[in-house]
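Worksheet: one structure, shown below.
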Amino acid sequence: QVQLVESGGGLVQAGGSLRLSCAASGRTLKSYHMGWFRQAPGKERDFVAAISRSAESTYYADSVKGRFTISRDNAKNTVYLQMNNLKPEDTALHFCAADARRVGAAMGTYWGQGTQVTVSS
């Protein structure tokens, strides 16, 4: 299996930026499609972005298109989420996900513990 640890969350003002990182250990990251999800209090976990094993394809939720960019560095066993022009509605606990078969909103065999992103108005 693979273990995932997120970092990079924090408190920012609306319009600011954050870069989240997801570091993997165990099985090589290249074996998995990777993604980011988020969950606000009282709401279900929502898909944010995903990237295929060798970065041939990327996928984004409509709410973040044009603002967020997912990328990966398989040599460093790390996936990133660059978050620009943050809005208060982006406030949520953000999770990293890994899946050997699926890429996109349905993925999620393995999960990290999450990193909190809070955006003030």
**Asked** Distance in nm between label sites at residue 1 and residue 39, each 7 Å beyond Cα in the beta-carbon direction?
**Response** 1.6 nm
**Message:** Compute, for the range 1-109, the length of the dipole vector about the Cα centre, with Cβ point charges of +1 (Lys, Arg) and -1 (Asp, Glu) only. Units Debye, rounded to 20.
**Reply:** 240 debye
**Complete:** Extension length gain for residue 113 and residue 46 (0.36 nm per residue less Cα distance), in nm, is 22.6 nm
**Shape call, the chain: gyration tensor on alpha carbons, a/c limit 1.5** = prolate
**Asked** In debye, nearest 20: dipole of the range 56-121 around its Cα centre with unit charges on the Cβ of K, R (+) and D, E (-)?
**Response** 80 debye
**Request:** State the Cα centre-to-centre distance between the range 1-67 and the range 78-121 in whole Å.
**Result:** 3 Å
**Contour minus Cα-Cα distance for residue 62 and residue 84 (0.36 nm per residue)** = 6.5 nm
**Item:** Apportionment of accessible area to carbon and sulfur, the chain, percent (1.4 Å)
**Value:** 46 percent
**Request:** Would you work out which of 58, 93, 105 lies farthest towards the positive end of the dipole of the range 39-121, given +1 charges on the beta-carbon of Lys and Arg and -1 on that of Asp and Glu, about the Cα centre?
**Result:** 58
**Message:** Less than 11 Å from a label point 7 Å out along the Cα-to-Cβ axis of residue 31: which backbone N atoms in the range 79-118 qualify, by residue?
**Reply:** 100
**Fill in**
Probe 1.4 Å, heavy atoms of protein chains only: per residue, the accessible area of the chain in Å² is 50 Å²
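The values are calculated or read from the model by the stated rules, or taken from the named source; none is laboratory data. Since the structure is predicted, the reported quantities are computational estimates derived from the model, not experimental observations. We place every Cβ from the backbone using ideal geometry, glycine too, and count neighbours over all the protein chains shown. Side chains are part of the model used for accessible areas, which takes the heavy atoms of the whole protein and leaves out ligands, DNA and RNA. Shrake-Rupley method; radii C 1.70, N 1.55, O 1.52, S 1.80 Å.
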